[in-house]
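Below is one structure, written out as structure tokens; the observations come after it.
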Amino acid sequence: MKIIKTGNEAAWKTNKMIISGWFSFFCNFKCSYCINETYKKNYPMALSPKALENLMEYLPKLKKSHYSFSLAGGEALLYPHLEQFFSYLREHEGYKNKASCFVMTNGVLLDRMSPHIYDNCSTTVCISFHNEQADMDTYFDTLKRFQNAEICTVNLLMKHGEQKEVERITQKLNNIGYKRVWIRGILVDNKLDPAYTKNEVEYLFEKTAEMSQVYTNYYLDENNQEKQIKFHVEDFRNNHELVSYQGLKCSAGQNAIRVLPDGSVSPCVNIKATENFNLNSQPITEYPLLTKPFTCTKDKCLCPPYVTLAKWDPYHVQKPDYIVGD
């Protein structure tokens, strides 16, 4: 069967922008399992104030219904121009009540987040515990000081056989105000560790909202009849054919960008930065993929926010109404 349409149904109806802000890869940890070591070596700089201006000052000119920022790293809270970034969200009329910011942090520097929480931008914080680098007492001391537990999600990695331990830690987090705790599984080759028992896998689905999100693919079968297949994150990690979008048009570029520390921009996390464009010298309004649908060149898409983007076969499906260009 051939995929002719996919993506979250809401993404077909809503002209919002996802901005993955990889503004720096500076980090206060040196985890042995770090997945961004190559990025740290290739991008030893931080996004400059000029590049930040050319992003944040001009994004509202795109007139999106919503701007969804995510800051990652490295350690997102080590970005040296963090105050300037949040001042745009706080003061620019184009973002008021139509922006959200998701900050990924290892939690040890959580105190740096406090000055940047305010009403007109929905801010959430995702805290990943790295026990290899900091013990539980260090984490809980920091979490107790933070006055905004209600905006936080805590990520706990659960090894096979440690369900009771993560349940104990979860209860301790709940007792100090952290009610949203996601229990994540260990991935081996982008799939759940095969050592997990059936009960442990069911527990992980129950405790991680991302894993229970439903996706829908539309296909044409051998009789040219349209079929639907619904699936979850773990389904496409185990069966990459569910997210094999090579050759499909995608709203990435018009509705999603990744910003790297050197000012380069790409349409998604799987694609290299666009040549002849850089935020150090050009505003985001000149980004070439804003005016034409991007054609996916990869054989799989494994990043959940990008899997939700509208994708279509132009020979069988009309593009979303908000898409510019052919």
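The values are calculated or read from the model by the stated rules, or taken from the named source; none is laboratory data. Please read all numbers here as calculations on a predicted model, not as lab measurements. So basically every Cβ, Gly included, is an ideal-geometry build from the backbone, and we count neighbours across all protein chains shown. The protein model used for the area step is the full one, side chains on, heavy atoms only, and it has no ligands, DNA or RNA in it. Shrake-Rupley method; radii C 1.70, N 1.55, O 1.52, S 1.80 Å.
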- Find all pairs meeting these conditions: Cβ atoms under 7 angstrom apart; at least six residues apart or on different chains; first residue within the range 292-303 and under 14 Å from V324 (Cα atoms); second residue among the basic types (K, R) and part of a loop (DSSP other than H, G, I, E, B). P293/K319
- Note on the structure: Within the range 250-281, of all residues that are outside any loop (DSSP other than H, G, I, E, B) and free of Cβ contacts under 8 Å to residues at least 24 places away in the same chain, the one farthest from G7 (Cα to Cα) is V265
- Message: Given (1) of a type outside the set (V, I, T); (2) part of a loop (DSSP other than H, G, I, E, B); (3) under 14 Å from I18 (Cβ atoms); (4) in contact with a Ser or Thr (Cβ under 8 Å, 6 or more places away or on another chain), identify the lone condition not met by C101.
- Response: (2)
- Hey, could you check the range 201-252 for residues that are within 30 Å of T274 (Cβ to Cβ) and among the β-branched types (V, I, T) and say which is nearest to the chain's Cα centre (by Cα)? V233
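One line per residue, one yes/no per condition, for (1) out of contact with any strand residue (DSSP E or B) (no Cβ under 8 Å at 6 or more places or on another chain); (2) among the small types (G, A, S); (3) open to solvent by less than 70 Å² (accessible area, probe 1.4 Å):
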site	(1), (2), (3)
V201	no, no, yes
E206	yes, no, no
N217	no, no, yes
Q225	yes, no, no
Q246	yes, no, no
C250	no, no, yes
G253	no, yes, yes
- Of all residues in the range 2-39 being within 20 Å of K98 (Cβ to Cβ) and in a helix (DSSP H, G or I), the one that is most open to solvent (accessible area, probe 1.4 Å): K13
- Taking the range 64-97 only, how many residues are assigned to a loop (DSSP other than H, G, I, E, B) and surrounded by fewer than 16 Cβ atoms within 10 Å (Cβ to Cβ)? 6
- In the range 40-63, the residues that are of a type in the set (S, T, N, Q), assigned to a helix (DSSP H, G or I) and over 19 Å from R90 (Cα atoms): N42
- Contacts under 6 angstrom Cβ, first residue in the range 104-125 being over 19 Å from S20 (Cβ atoms), partner in a strand (DSSP E or B) and of a type in the set (A, V, I, L, M), 6 or more apart: G107/I127
- Message: Looking only at the range 172-199, how many residues end up being open to solvent by less than 60 Å² (accessible area, probe 1.4 Å), in contact with a helix residue (DSSP H, G or I) (Cβ under 9 Å, 6 or more places away or on another chain) and outside any loop (DSSP other than H, G, I, E, B)?
- Response: 7
- Task: State whether the residues of the range 149-156 include one that is among the small types (G, A, S), out of contact with any Asp or Glu (no Cβ under 6 Å at 6 or more places or on another chain) and in a loop (DSSP other than H, G, I, E, B).
- Result: no
